[in-house]
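Here's the structure we're looking at; comments come further down.
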Amino acid sequence: EPIHSNSMTTFQLKETGTEKFRVEKIFSAGAVVVQRFSEAGPTHVTLANRTLTLVEVNDIGAVNPVKNPYTFKDLEFEWMEGKTVWNAPLGIEDLRKKESFFYNGYTLDESQAVLIDALKENIKKHVDEMNHFHNPAQQKDESIKKLHSHGVQKLLPYFHSLDYESLSKLKSYYFSLRLDNEIQKSARDVFLEILPMYSALIPLLTHVLCVDT
């Protein structure tokens, strides 16, 4: 596919002393442009812009020592080609394991039962927020705050942290909900919309599509 993308991040620094600086703001912007071959239709463009502003500086207290630290000599981006094995053989059990949402491999320590309940609750909060959405044109500040607190991005770490068995339980739970109940149907739709985003969940997704729909 003809895909073009670009991104840029800018740091606004304030000098606080000799060779000492503090990051005041971080600006990031990116775009992805796609024009499919052999298909009539428009060019698809996705734009993303974000500004992070330093609000306050707090003492973090005692700093825990880092085990086996790695020192970077510059800020050049490092690709993972040296660590990634392409087309490595994977079995079904490998695909059923929980994943890490974070680049550093960190995973949530909570039990699967706790994570299942947390995902259910956060999906419910998301649906509730969408049903009581404030008009940004009239209540801009409150709308942005609400979306930031209950946006769909808050659900993603939970999906990654659940293994195949836990997701199967959730699949059964959401398919047992009543479709004539707007809240329950919306919760089920959110679960099914996000599920296909993860390639490691293909065994479950295939089972969902083939058996229950």
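The values are calculated or read from the model by the stated rules, or taken from the named source; none is laboratory data. Everything numeric here is computed off the predicted structure, so don't read it as measured data. Neighbour counts run over all protein chains shown; Cβ positions are idealised from the backbone, glycine included. Ligands, DNA and RNA are stripped out before the accessible areas are found, and what is left, the full protein with its side chains, is counted by its heavy atoms. Shrake-Rupley method; radii C 1.70, N 1.55, O 1.52, S 1.80 Å.
Among the residues of the stretch 142-161, not a single one is open to solvent by less than 70 Å² (accessible area, probe 1.4 Å), at pLDDT 75 or above and more than 30 Å from Lys97 (Cα to Cα). Of the candidates Phe37, Phe27, Phe21, Phe72, the single residue that is modelled with pLDDT of 75 or more and exposed (fewer than 10 other Cβ atoms within 10 Å of the Cβ) is Phe72.
Restricted to the stretch 48-63, and to residues that are under 26 Å from the mean Cα position of the chain (by Cα) and open to solvent by less than 90 Å² (accessible area, probe 1.4 Å), which residue is modelled with the lowest pLDDT? The qualifying residue modelled with the lowest pLDDT is Ala48. In this entry, Ile202 is excluded by the filter for residues that are in a helix (DSSP H, G or I), under 26 Å from Gly91 (Cβ atoms), of a type outside the set (D, E, K, R) and modelled with pLDDT of 90 or more.
Which numbered condition trips up Asn135, out of (1) part of a helix (DSSP H, G or I); (2) at pLDDT below 85; (3) open to solvent by 40 Å² or more (accessible area, probe 1.4 Å)? So the condition that Asn135 fails would be (1). If you check Val45, Val66, Val114 for being in a loop (DSSP other than H, G, I, E, B) and at pLDDT 80 or above, only one passes: Val66.
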